[in-house]
Amino acid sequence: MAIGISLVRVDARDKVTGEAKYTADLEPRSCLVAKVVHSTIAFGEVKAIHLDEALAVPGVVKILTYFDVPDYQFPTPGHPWSVEKAHQDVADRRMLNRRVRFYGDDIAAIVAEDNVAADRAARLIRVEYEAYEPYVTVEQAMAPGARAVHDERPNNVLAHSGFQVGEMSYREALASEDGLVTLEKTYRTQTVQHCHLELPTSIAWQADGKINVITSTQIPHIVRRVIGQATGLPWGSIRVIKPYIGGGFGNKQDVLYEPLNAWLSLQVGGRPVKLEVSREETLASTRVRHAIDFHVSGAVRKDGSLVARRCLANSNQGGYASHGHAIVANAINCFKQLYRDEKALECQANTVYTNIAVGGAMRGYGIPQGDFAAECLADDLARAIGMDPLEFRLKNCMQEGYEDPHTHIKFYSYGLRAAMEKGRTLIRWDALREQYRDQTGPVRRGVGMAIFCYKTGVHPISLETASCRMVLHQDGSIQVQMGATEIGQGADTVFTQMASEATGISVGKVHVSTVQDTDVTPFDTGAYASRQTYVSVMAVKKTGALLKQKILEYAGYALRLPVENLDLRDDQIVDTLTGEILRPVADVALEAFYSLDRSQHITAEATSHCKINTFASGCCFAEVEVDIPLGKVKVLNIVNVHDSGSLINPKLAEAQVHGGMSMGLGYALSEELLFDGKGRPLNPNLLDYKLPTALDTPDLQAAFVEIPDPTGPYGNKALGEPPAIPVAPAVRNAVLHATGVAIDSLPLSPQKLVEAFAQAGLIED
Amino acid sequence: MLKILHMTVNGKAEELAVDVRECLADTLRERLGLTSVKKGCEVGECGACTVLIDGKAVNSCCYLSVWAEGHSVLTVEGLKGPNGELSPIQTAFIEEAAVQCGFCTPGIILTAVEIVGQNRPYTREELRKLISGHLCRCTGYENILNAVERCVAENLARQNAD
């Protein structure tokens, strides 16, 4: 059995020895370098761009501006292409722009012999702008008379959507009975960035009749398509190679500079060009997690039953659409999928173009934002009626068997309540709630929690397709090729385990190719959602069954036995009737290759078109100590409990949860990409942007309720993104318990807390 | 302007011409092919480019190559034993699942080599502080601390046994 064992990562040895090659490690000799020139205003038009001095810098090979790139607008998000025009992503971006839509927009690109020349030239380019007043907030961009960021959206609303659940409207629900306790609140989440340690570098060159691009991406096959859309090149003439990746978290689920880099190489005769993006550029000019404001109302009975809620969510898109409205549309689904409103739920969402950094996908795809709002409201409602917030959730949370009325995604397995009960025990909820009641003094403790649910893949919103190829080697080992990508999460290791399970070949003889090459690798849309162990492994399972059947057929021929009586277990062909070991697979493989009678290279390939989706769920419990005069929150104890189906690799699953919790703690307490009134990013570096360090991070406890999901290929469902979701609201709710002060925006920074505590009278002047 | 630099890298004497403006991370990566030295920020914020210079952890992105004249530099390429066997620290990182995307891994391993080499016990809180110059976005540091703690303890046990 290869499932449920803590196999060590198949790539760990390469990574501890330095043998793992990432994009920048694969630079060919005599590579040119490219540098993107970014706008120094957030909104306006480039009126003139003077290149003469820059072109005179020794070592500068070429400088391109918006005049020198094809006039194609293209979409950038890592979504499968839709064959229906109405469902295609918004194509609002060009490789280089004349109209500037955020501070750091791409207006020119320099190709030079080295970085010194490129940097010198960049400083000598003089740009004349016609500057407009930039919109930093959604309110500014939606104000009457605001200038259009994109002419295609005159009112700056990229998209609007909404839904209603229940027989009546929120207003009617309020009028329908007496004695309801109601709340109206605004919860705000901030702009944060992925901060994968590896920067999004790419290298492009022309060879073998193709434009080749090595890039740090989660989505190689999608990058190929978008390079084609952006440049006008035939898609088959583009080859994208994905080596080891140093983290992505959604930023690399977007096509970033690959089209520009391909185009630059073609402008210098196909010579290799390396386009490096600095940490500062990555923070300011790639993608961020959307800041979303939630204007929320809720009504409960005094017995704790949730009667109705209403939400209007406004999402700050920044200058280009990227993943666009899909994010906030997902965020408001969180309200629907997490609780049962007895009478009414109304949700509306707007995605609004502004002039800050571009919002894209980031671990949780809108749910960290939506969950913060839904889970702050849950605690605030419970508090308003004097009810224990855990009891409130147990009473009102989504039940076993829930099916979303619009998407029809279901909880095919359900462990939400069990997860809450487990978290309750692990954190000692009941004892601590009692112990920390009615505290006084400057340092107080509290305990809080939050729940979440999360769909595993993207069906039926988008296509879910995955392919796999297995090739039998001469010694009975196999090579597994998948379009699904290892980006650090451990995909190749669990694919190895699952391929072993599917074939009967032992894990030591399964090799998953970590490098994707779109000329070789079968199609898969890549690493996003929490889909690969679910969707992509359906292809592994299907291909594994095919390969096994072919091996058994050959074994049947070689052994002159009926194939129905044969099985492949632990690298051996066995007789299913007697259990007798008949022959090692290695011998069968060797014979198949070299038989003078019937030579056959045994391979298998299959596509799995997944048309099902299931909810994962779970919760976070946090115990905190708040230093009120300093506004400091110290997390004393924290546990995430996950309902993610069967664990394929328990140790890696735990590690995945740790990382998500850490990201959640940064979201809760310290991370925020700040912009001034002109739309300039104020802290686009890792000194001022406060990523948690080891010193900021408590011990992280990961727990699971393992309930096999009948739709998962091996009982598994989502675990990649969920750990990051419930942490911020759990910490916020713990601070509420400790101090009685509800902080309604992220992050819970010391300055914000001190102001709130002073306002609440906890700090005297 | 190029200058001839003499340094020991992973136990081997090197003599090479470097640009006087060049940082050690670039020299190691581009002139010696030691690509385990990762560049995550190039301003000393992330710790991915950490190497040991005479046993002390240094951000090689902020260290001019010419300063390495006469010094001894260690990267993870130099950690393996004579027969290619992994060092105990590398093994601990593998077994404790302290590796995810792997980009911060070589740098943290080298800091761990420095810590373990002190031959003294550390509390977990002390270890947190000692590795806090390394940013990791994947692990929450939990398993990294487990691996470093284990290496410190195993090393002391070995010392006591000897």
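The values are calculated or read from the model by the stated rules, or taken from the named source; none is laboratory data. Remember, it's a predicted structure, so these values are computed and weren't measured experimentally. Every residue, glycine as well, gets a Cβ built from its backbone with ideal geometry; the counts of neighbours run over all protein chains shown. Side chains included, ligands, DNA and RNA excluded: accessible areas come from the protein's heavy atoms. Shrake-Rupley method; radii C 1.70, N 1.55, O 1.52, S 1.80 Å.
In segment B:139-162, the residues that are open to solvent by 40 Å² or more (accessible area, probe 1.4 Å) form Cβ pairs under 8 Å with partners that are among the small types (Gly, Ala, Ser), at six or more places apart or across chains, as follows: B:ASN146/B:ALA98; B:ARG150/B:ALA92; B:GLU154/B:ALA92.
Residue by residue, here is whether (1) more than 12 Å from chain B (Cβ to nearest Cβ); (2) surrounded by fewer than 20 Cβ atoms within 10 Å (Cβ to Cβ) holds:
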| residue | (1), (2) |
| --- | --- |
| A:PRO650 | no, yes |
| A:LEU686 | no, no |
| A:PRO710 | yes, yes |
| A:TYR714 | yes, no |
| A:PRO722 | yes, no |
| A:ALA730 | yes, no |
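The strands (runs of 3 or more DSSP E) found entirely in segment B:1-69 that carry 3 or more residues being at pLDDT 95 or above and within 14 Å of the chain's Cα centre (by Cα) are B:50-53, B:56-59. Looking for something of a type outside the set (A, V, I, L, M, F, W, C), within 14 Å of chain B (Cβ to nearest Cβ) and within 21 Å of A:MET398 (Cβ to Cβ) - is there at least one such residue anywhere in segment A:603-616? No, every residue in segment A:603-616 fails to be of a type outside the set (A, V, I, L, M, F, W, C), within 14 Å of chain B (Cβ to nearest Cβ) and within 21 Å of A:MET398 (Cβ to Cβ). The set of residues from segment A:11-30 being more than 7 Å from every other protein chain (Cβ to nearest Cβ), open to solvent by 30 Å² or more (accessible area, probe 1.4 Å) and farther than 19 Å from B:GLU85 by Cβ comprises A:LEU26, A:GLU27, A:PRO28, A:ARG29, A:SER30. Could we say that A:ASP492 is open to solvent by less than 30 Å² (accessible area, probe 1.4 Å), charged (D, E, K, R) and either outside any helix (DSSP H, G or I) or outside the structural domain of A:ALA374 (by TED's automatic domain parsing) (or both) here? For A:ASP492, the condition - open to solvent by less than 30 Å² (accessible area, probe 1.4 Å), charged (D, E, K, R) and either outside any helix (DSSP H, G or I) or outside the structural domain of A:ALA374 (by TED's automatic domain parsing) (or both) - is met.
Out of A:ALA742, A:ALA758, I need the residue that is small (Gly, Ala, Ser), open to solvent by 10 Å² or more (accessible area, probe 1.4 Å) and either in contact with a helix residue (DSSP H, G or I) (Cβ under 7 Å, 6 or more places away or on another chain) or within 14 Å of another protein chain (Cβ to nearest Cβ) (or both). Which one? Selected residue: A:ALA742, the only one of A:ALA742, A:ALA758 that is small (Gly, Ala, Ser), open to solvent by 10 Å² or more (accessible area, probe 1.4 Å) and either in contact with a helix residue (DSSP H, G or I) (Cβ under 7 Å, 6 or more places away or on another chain) or within 14 Å of another protein chain (Cβ to nearest Cβ) (or both). Just so you know, in segment A:57-86 the residues that are among the small types (Gly, Ala, Ser) and in a loop (DSSP other than H, G, I, E, B) include one that is surrounded by the fewest Cβ atoms within 10 Å (Cβ to Cβ), and it is A:SER82.
Output the residue which, of all residues in segment A:59-81 that are touching a residue at least 40 places away in the same chain (Cβ under 8 Å) and polar (S, T, N, Q), is farthest from A:GLY269 (Cα to Cα).
Ranking the qualifying residues of segment A:59-81, first place goes to A:THR76.
Looking at segment A:16-57, which of its residues are over 23 Å from A:ASP119 (Cα atoms) and free of Cβ contacts under 8 Å to residues at least 12 places away in the same chain? Even if it seems obvious, please write down each step before you answer.
Let us first name the residues in segment A:16-57 that are over 23 Å from A:ASP119 (Cα atoms), namely A:16-22, A:43-45.
Hits for segment A:16-57 are A:VAL16, A:THR17, A:GLY18, A:GLU19.
As a summary of the residue check, A:ASP519 satisfies the conditions (1) closer than 20 Å to A:GLY78 by Cα; (2) surrounded by 20 or more Cβ atoms within 10 Å (Cβ to Cβ); (3) at pLDDT 95 or above except for the one numbered (2).
If the condition is being assigned to a loop (DSSP other than H, G, I, E, B) and either crowded, with 24+ Cβ neighbours inside 10 Å or free of Cβ contacts under 8 Å to residues at least 12 places away in the same chain (or both), then segment A:501-515 contributes only A:ILE505. State all residues of segment A:567-579 that are over 15 Å from A:ILE505 (Cβ atoms) and either assigned to a helix (DSSP H, G or I) or open to solvent by less than 100 Å² (accessible area, probe 1.4 Å) (or both); if no residue qualifies, say none. Residues satisfying the conditions are A:ASP575, A:THR576, A:THR578, A:GLY579. Kindly provide the set of residues from segment A:519-562 that are in contact (Cβ under 8 Å) with a residue 12 or more places away in the chain and small (Gly, Ala, Ser), ordered by number. A:GLY526, A:ALA527, A:ALA529, A:SER530, A:SER536, A:ALA539, A:GLY544, A:ALA545, A:ALA555, A:ALA558, listed by residue number.
Of the residues in segment B:71-86, at least one is open to solvent by 50 Å² or more (accessible area, probe 1.4 Å) and within 22 Å of B:CYS101 (Cα to Cα).
Scanning segment A:635-646 turns up at least one residue that is open to solvent by 10 Å² or more (accessible area, probe 1.4 Å), within 14 Å of chain B (Cβ to nearest Cβ) and not polar (S, T, N, Q). Is it the case that some residue within segment A:436-452 is assigned by TED's automatic domain parsing to the domain that holds A:TYR667, in contact with a strand residue (DSSP E or B) (Cβ under 7 Å, 6 or more places away or on another chain) and in a helix (DSSP H, G or I)? Within segment A:436-452 (the criterion being assigned by TED's automatic domain parsing to the domain that holds A:TYR667, in contact with a strand residue (DSSP E or B) (Cβ under 7 Å, 6 or more places away or on another chain) and in a helix (DSSP H, G or I)), the answer is no, since none of the residues qualifies.
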